[in-house]
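The values are calculated or read from the model by the stated rules, or taken from the named source; none is laboratory data. As the structure is a computational prediction, the values presented were derived from the model and not from experiment. For neighbour counting, all protein chains shown are included, and Cβ atoms are generated from backbone atoms with ideal geometry for every residue, glycine included. Surface accessibility is based on the protein's heavy atoms, side chains included, excluding ligands, DNA and RNA. Shrake-Rupley method; radii C 1.70, N 1.55, O 1.52, S 1.80 Å.
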2 protein chains.
Amino acid sequence: MKLIGYFRSSAAFRVRIGLNLKGIVVDQAFCHLRKGEQGRPEYVALNPQKLVPALVLDSGQVLTQSLAILEYLEEIHPEPALLPKDPVERARVRSLALIPTADIHPIQNLRVMAYLRDKFGQSEEAAFAWSRHWIETGFDAYEATVANDRGTGAFSHGDAPSLADLCLIPQVFNATRFKVDMSRYPTIKRIFDNCMKLPAFDAAHPSKQPDAEP
Amino acid sequence: MKLIGYFRSSAAFRVRIGLNLKGIVVDQAFCHLRKGEQGRPEYVALNPQKLVPALVLDSGQVLTQSLAILEYLEEIHPEPALLPKDPVERARVRSLALIPTADIHPIQNLRVMAYLRDKFGQSEEAAFAWSRHWIETGFDAYEATVANDRGTGAFSHGDAPSLADLCLIPQVFNATRFKVDMSRYPTIKRIFDNCMKLPAFDAAHPSKQPDAEP
C-alpha cells in the first residue's frame, strides 16, 4: 500500500496515526498542497476529489477520505481495535471523530481560508479569527461531550486510543497554530497528553515526516 | 427510539431516509434551528454539540452525528444493507458519503452563513455565492468519482441505495435552493432521479415532515 499525504494535512495525520497504531507499514508519496499539486492531472486521475490523503492499494485501487480509509484499515486489520465492539459505544466514538472531521477542519482548511482572503478580501487577522472561532466551537462541543462522561477514560473512549483520538490530536496541533487557549479544554488537554506519550502518535507528527518543511 | 430533527436539516434528512429504508419506526421530536432551539439548556443537556439530529435510544442514551447514527442503524438492523460487504467497496461508499457530509454541508450550514453576514458583513448575495461555490466544488468531486466508474450503477454504488445516496440526496435538494446548475452533474442527476422514485427517499423530504413550514 502507498499513502499519498502532505505533512501538514490533518487528514493525512489521522491516517498516519492509525497505520502506526496497527503496525501497518506503507510506502509514502507526497502531494504538496501549498504548491497546488492536488490539482495536477496525474493526481486528479488518482483522486478526483483533489484532497489528501489517498491510499493506493496493491491492486491499484485508490481509497480516499481519511475516515473511510481508517474504517477500511479497521476492517482488514482489526487489532489493535480503533472502535469498541458495542454498537452504542461505536456510535459514541464515531460521533466524536466526526466533530473535528466534519465540523471543524473542513471549515478552516487551506482552500476555505483562501476563499476568505481572495473573494471576500478578508485580512490574515480576520481569517485567523475565523479559524479560531470554528476550532473553539468544535472543541466546546467535544469537551462538553467527553467531560464528566462515563465513556471517557485516559482517552476519548476508555483507556485505549480510538478513532476519536486519531481525529482529535491533529486538530489540537492545528489549534495551537491558531492560538486557541487549551486551558478551556481540560479533558481534551488530558487526552492529548496521554496520546502524545504513545510512539504511534508522536511518529505521525507533521515535523517528523519526510516532506516536512520548517 | 426518538429522532430529534428539523425538517430543513440535511443531516436529519439523511437519517430519516435510512430509517425509512430499513423500516425502523421511531418517535419524532423537533428542534427549530432558525429559532435557536439547539441552544436551549434542555437540548444542550441531550446534545452538547448543539446540532441535529440526535437519536434518543430507549435506554436513554443519545447518539449524535448523522453518519455515526447511520452506522449504528446498519449494525443493529443490517437489512437492507446501506454498505456493501467487501471492505474496498465499503470504503468507496463511505468516501462518497463524506463528500457532502464533511466537505460541503458543514461549510455552508446556517451557523457558517450567519458568521459571513454578521462578522464579515457579507451580503446575502455573497453568502449565496459562497454556498454555491462549495456545493459545486463538492459535486465536481462527487461527479468525477462516480462518472465512468465500474462501481456506479443505478445508484452511487451498484443498483441499491447506499449510505452515499443518503448523504447525496439532501445535498442535491439544498443545491437547488442555491441555483446550482445540475446539468453539470449528469451522473448525480441520474442517481437523484432513481432515488426519488423510492418511497423511503420521498417520505423523508423536508416538506413532508410534521414540523415543515412553507
When B:P100 is run through (1) out of contact with any Gly (no Cβ under 7 Å at 6 or more places or on another chain); (2) modelled with pLDDT of 95 or more, the failure sits at (1)
Farther than 22 Å from A:A141 by Cβ, out of contact with any Ser or Thr (no Cβ under 7 Å at 6 or more places or on another chain) and either in contact (Cβ under 8 Å) with a residue 24 or more places away in the chain or not acidic (D, E) (or both): is that true of B:G151 in this structure? yes
Residue in segment B:90-98 that is touching a Cys at 6+ places or on another chain (Cβ under 9 Å), under 18 Å from A:H105 (Cα atoms), assigned to a helix (DSSP H, G or I) and at the interface with another protein chain (Cβ under 7 Å from one of its Cβ atoms) present: yes
Out of curiosity, is B:L46 facing another protein chain (nearest Cβ under 10 Å), hydrophobic (A, V, I, L, M, F, W, C) and farther than 23 Å from B:A164 by Cβ? no
Show the residue pairs that are 6+ apart or on different chains and have beta-carbon atoms under 9 Å apart, the first residue being within segment A:20-37 and aliphatic (A, V, I, L, M), the second being open to solvent by less than 30 Å² (accessible area, probe 1.4 Å) and part of a helix (DSSP H, G or I). A:L21/A:L166; A:L21/A:A200; A:L21/A:F201; A:I24/A:G18; A:I24/A:L73; A:V25/A:L19; A:V26/A:L19
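Each row is one residue, and each column tells you yes or no for (1) assigned to a loop (DSSP other than H, G, I, E, B); (2) of a type in the set (A, V, I, L, M, F, W, C).
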site: A:A127; (1), (2): no, yes
site: A:R132; (1), (2): no, no
site: A:I135; (1), (2): no, yes
site: A:D149; (1), (2): yes, no
site: A:F155; (1), (2): yes, yes
Scanning segment B:22-42 for residues that are outside any loop (DSSP other than H, G, I, E, B) and touching a Lys or Arg at 6+ places or on another chain (Cβ under 9 Å) gives B:D27, B:Q28, B:A29, B:Q38, B:G39
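Do you know which residues across segment B:7-27 are of a type in the set (G, A, S) and open to solvent by 40 Å² or more (accessible area, probe 1.4 Å)?
B:G23
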Residues of segment B:169-214 classified as within 20 Å of B:A29 (Cα to Cα) and more than 17 Å from the chain's Cα centre (by Cα), total: 4
Unmet requirement for A:D165, which otherwise passes all of (1) within 11 Å of chain B (Cβ to nearest Cβ); (2) modelled with pLDDT of 95 or more; (3) farther than 30 Å from B:F120 by Cα: (1)
In segment B:75-88, which residues are more than 9 Å from chain A (Cβ to nearest Cβ) and open to solvent by less than 60 Å² (accessible area, probe 1.4 Å)? B:A81, B:L82, B:L83, B:P84
Of the conditions (1) more than 9 Å from chain B (Cβ to nearest Cβ); (2) assigned to a helix (DSSP H, G or I); (3) closer than 21 Å to A:I188 by Cα, A:I104 satisfies every one except a single condition; which number is it? (1)
For segment A:144-160, which residues satisfy the criterion of being surrounded by fewer than 20 Cβ atoms within 10 Å (Cβ to Cβ), of a type outside the set (A, V, I, L, M, F, W, C) and closer than 20 Å to B:L46 by Cβ? A:N148, A:D149, A:R150, A:G151
When you scan segment B:110-133, how many residues do you find that are of a type in the set (S, T, N, Q) and without any contact (Cβ under 8 Å) to a residue 24 or more places away in the chain? 2
If B:F30 passes every condition in (1) open to solvent by 20 Å² or more (accessible area, probe 1.4 Å); (2) touching a Gly at 6+ places or on another chain (Cβ under 8 Å); (3) facing chain A (nearest Cβ under 10 Å); (4) farther than 15 Å from A:A102 by Cα but one, which one does it miss? (3)
For segment B:111-130, does any single residue satisfy the condition of being more than 30 Å from B:K35 (Cα to Cα) and open to solvent by less than 50 Å² (accessible area, probe 1.4 Å)? no
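Residue under question is B:A45, and the condition is that it be open to solvent by 60 Å² or more (accessible area, probe 1.4 Å) and either in the same structural domain as B:A114 (by TED's automatic domain parsing) or not in a loop (DSSP other than H, G, I, E, B) (or both); does it hold? Give the steps one after another, and end with the answer.
Details: open to solvent by 60 Å² or more (accessible area, probe 1.4 Å): yes; either in the same structural domain as B:A114 (by TED's automatic domain parsing) or not in a loop (DSSP other than H, G, I, E, B) (or both): yes.
So B:A45 passes the test.
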Would you call A:V172 under 20 Å from A:R132 (Cα atoms) and either open to solvent by 20 Å² or more (accessible area, probe 1.4 Å) or not acidic (D, E) (or both)? yes
Does at least one position in segment A:56-74 carry a residue that is surrounded by 15 or more Cβ atoms within 10 Å (Cβ to Cβ), within 8 Å of another protein chain (Cβ to nearest Cβ), outside any helix (DSSP H, G or I) and within 15 Å of the chain's Cα centre (by Cα)? yes
